[in-house]
Amino acid sequence: MDIRATVATELPETLPNARYGVKGSVCEQWRERNGKRYGPYHCLMWRENGRLRKRYLKRGEADAVRASCDERRRTEREHRERRGKALQGFSQYEWDEQRRCIRRMIRDGVGDNVPLNALWKMLNPR
């Protein structure tokens, strides 16, 4: 069974955004008391509404959650790198030409002097 599938099906109610991979990172922490070292304790740390959140993980969960975090980071990195670039199979010229064509159709349909927020409302009705 896929590790991501395990995280998405078994832990969704307790992990942030488990459907698209887990947001955050898995950290290992150790405790020291009376000269003895205890651990490692695995925890998931992520930001939510500007605050740092933390959830301790069971030993068996740590590897699956870490794999899910890595998958999410990899996907987000791909999206950032691809932003504004042509899709695979299209040349940059074809991509730019399609964007110009779409802009021309919008301009012809609603006019040149339409404010951006009004255009946005027309394209995204609620």
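The values are calculated or read from the model by the stated rules, or taken from the named source; none is laboratory data. Just so you know, these numbers come straight off a predicted model, no measurement behind them. We place every Cβ from the backbone using ideal geometry, glycine too, and count neighbours over all the protein chains shown.
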Original post:
Within the range 73-94, can one find any residue that is within 13 Å of GLY24 (Cβ to Cβ) and of a type outside the set (A, V, I, L, M)?
Top reply: yes
**OP:** Go through (1) over 19 Å from GLY21 (Cα atoms); (2) among the hydrophobic types (A, V, I, L, M, F, W, C); (3) surrounded by fewer than 11 Cβ atoms within 10 Å (Cβ to Cβ) and name the single condition MET122 misses.
**Re:** (3)
Original post:
So which residues in the range 20-58 are in contact with a Pro (Cβ under 9 Å, 6 or more places away or on another chain) and of a type in the set (D, E, K, R), if there are any at all?
Top reply: LYS23, GLU28, GLU48, ARG53, ARG55
**OP:** Test THR6 against the stated conditions and say whether it is modelled with pLDDT under 85 and surrounded by 10 or more Cβ atoms within 10 Å (Cβ to Cβ).
**Re:** yes
Original post:
Hey, any hits in the range 41-49 for a residue that's farther than 17 Å from GLY21 by Cβ, within 26 Å of the chain's Cα centre (by Cα) and outside the structural domain of LYS23 (by TED's automatic domain parsing)?
Top reply: no
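For (1) surrounded by fewer than 14 Cβ atoms within 10 Å (Cβ to Cβ); (2) closer than 24 Å to GLY21 by Cα; (3) touching a residue at least 12 places away in the same chain (Cβ under 8 Å); (4) assigned by TED's automatic domain parsing to the domain that holds VAL22, each residue gets a yes or a no:
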| position | (1), (2), (3), (4) |
| --- | --- |
| GLU32 | yes, no, no, yes |
| ASP63 | no, yes, yes, yes |
| ARG66 | no, yes, yes, yes |
| CYS69 | no, yes, yes, yes |
| ARG77 | yes, yes, no, yes |
| GLY109 | yes, no, no, no |
| PRO115 | yes, no, no, no |
**OP:** Would you list the helices (runs of 4 or more DSSP H) that sit entirely within the range 45-126 and hold 1 or more residues that are in contact with a strand residue (DSSP E or B) (Cβ under 7 Å, 6 or more places away or on another chain)?
**Re:** 59-82
